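Notes follow once the structure below has been shown.
The values are calculated or read from the model by the stated rules, or taken from the named source; none is laboratory data. In this text, all values refer to a predicted model and were calculated from it rather than measured experimentally. Quick reminder, even Gly has a Cβ in these numbers, built from the backbone with ideal geometry, and neighbours come from all protein chains shown. All accessible areas refer to the heavy atoms of the entire protein, side chains included, with ligands and DNA or RNA removed. Shrake-Rupley method; radii C 1.70, N 1.55, O 1.52, S 1.80 Å.
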Amino acid sequence: MNAELKKIIDSIEPLDRGAMDRAQERLDSLSKPQGSLGRLEELARWLAGVTRQSRPRVSRKVIFIFAADHGVAEEGVSAFPAAVTPEMVRNFLRGGAAINVLARQAGAEVVVADFGVAADFSDQKELVSCKIGFGTANLAKGPAMTEAQAVKAILAGARLALSEKERGAALFATGDMGIANTTAASALVAALTGSPVEEVTGRGTGIDEETFRRKVSVIRQALDVNRVDGGDPLAALARVGGFEIAGLAGVILAGAAAKTPVIVDGFISGAAALVACRLAPNKPVRDYLAMAHLSVECGHQRILRELALVPLLDFQMRLGEGTGAALAMPLLDAACAVFNEMATFQEASVSEKK
């Protein structure tokens, strides 16, 4: 394994159970029936364990949107042309996309990075350039990328996350953009879990029945042509994944290494989380993750079962971009506020249960 990547993985530690126990003691002393705030209490306890803070807060929130094109788009697996990827990147930078609106509502910053869009962005000074290539190769005909490119993308994502941590980020969230990336994610989930292709493949951008059947056929072809081994997550990522998926896996690994909570968005981000956890099988990567929402992409449910994570929301969404993660952020704010600002029974002069 690459030395830098190994160092990041080796630095991942278990959650601080002592901090979680102390948090539970405070939660139980607050002026309410024990456990009555349900998952808000779970979130507060989790944040204490992740951050090692007695009074956890998520002061500076950063949403990473990683964009890349996919060669498999030429197989006609999406309702939109590949030209939409760079167009949407420019929309993100102008602040006009759904994620920009929701991030502003959540008080979060958006970091947009080019991991492999098939376009020249030299005129976009606010765009972070982590370009691995001008789109992946067509995974239906051979490997999407080399393993060296996959590692390069993982490390680029991890470095970007660690840099934001040094600048005071207290919460990471993942987002994506890339026409045909649900095809890559479905292939990756099928490879890593052994699931039948049709059980982890959805409608993506809203494709019709004919296009859906083509998409399933293309994914089966990709798995066959590339002889993907689910027991080798790096090889699987390289053969049927995407540059942005690799980059998001790096953010997730860096979040765990930096003791920073990570809100995972939907299907594409979920595939990246699955890759990250498989790359570090002996480390508690999934313990640092909160799954924002349940995507309508059927493959997302398989990811949730694999990682044993329960989504915070179910809004029937499938946009990506980090929109589900932005919607979930106020729940973490609320958990911290309850934990830090509620009076205890003693402080409120309220009689406790006998």
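For segment 114-156, the convex hull spanned by the alpha carbon atoms encloses 59 Å³ per residue. Once both labels are positioned 7 Å from their Cα atoms along Cα-to-Cβ, the gap between residue 125 and residue 308 label points is 5.0 nm. Note: segment 25-108, Cα convex hull, 165 Å³ per residue. Once both labels are positioned 7 Å from their Cα atoms along Cα-to-Cβ, the gap between residue 347 and residue 42 label points is 2.5 nm. Pairs from the list 7/152; 6/141; 6/259; 7/141; 32/165; 131/215 with a Cα-Cα gap above 23 Å: 6/141; 7/141; 32/165; 131/215. Rounded to the nearest 500, the 222 nm mean residue ellipticity of the chain from helices alone is -15500 deg cm²/dmol, with -39,500 (n - 2.57) taken per DSSP H run of at least 4 residues. Ordered from largest to smallest accessible area (heavy atoms of protein chains, 1.4 Å probe), the residues 298, 130 come out as 298, 130. Looking at the chain, the DSSP beta bridges with both ends there are about 5 percent antiparallel.
For residue 146 and residue 13, a Förster radius of 35 Å and the Cβ-Cβ distance give a FRET efficiency of 0.65, rounded to the nearest 0.05. At the listed q of 0.31 Å⁻¹, the Debye profile of segment 181-228, built from one uniform point per Cα, gives log10 I(q)/I(0) equal to -1.24.
Counting only protein heavy atoms and a 1.4 Å probe, the chain has 40 square angstrom of accessible area per residue.
Leaving out ligands, DNA and RNA, and with a 1.4 Å probe, what % of the accessible surface on the chain is carbon or sulfur? Roughly 50 percent of what the probe reaches on the chain is carbon or sulfur.
Efficiency by 1/(1 + (r/R0)^6): what FRET value for residue 109 and residue 74, r their Cβ-Cβ distance, R0 = 41 Å, to the nearest 0.05? With R0 = 41 Å, the Cβ-Cβ based efficiency is 0.75. For the pair segment 100-118 and segment 33-53, the centres of their Cα atoms are 27 angstrom apart.
Once Lys and Arg get +1 and Asp and Glu get -1 on their Cβ, which of 254, 12, 150 lies farthest toward the positive end of the dipole of the chain? With unit charges placed on the Cβ atoms, the residue in question is 12.
In this Cβ point-charge picture (+1 for Lys and Arg, -1 for Asp and Glu), the chain has a dipole of about 680 debye about its Cα centre.
A simple spin-label model places pseudo-atoms 7 Å from Cα toward Cβ; at residue 4 and residue 287 they are separated by 2.7 nm.
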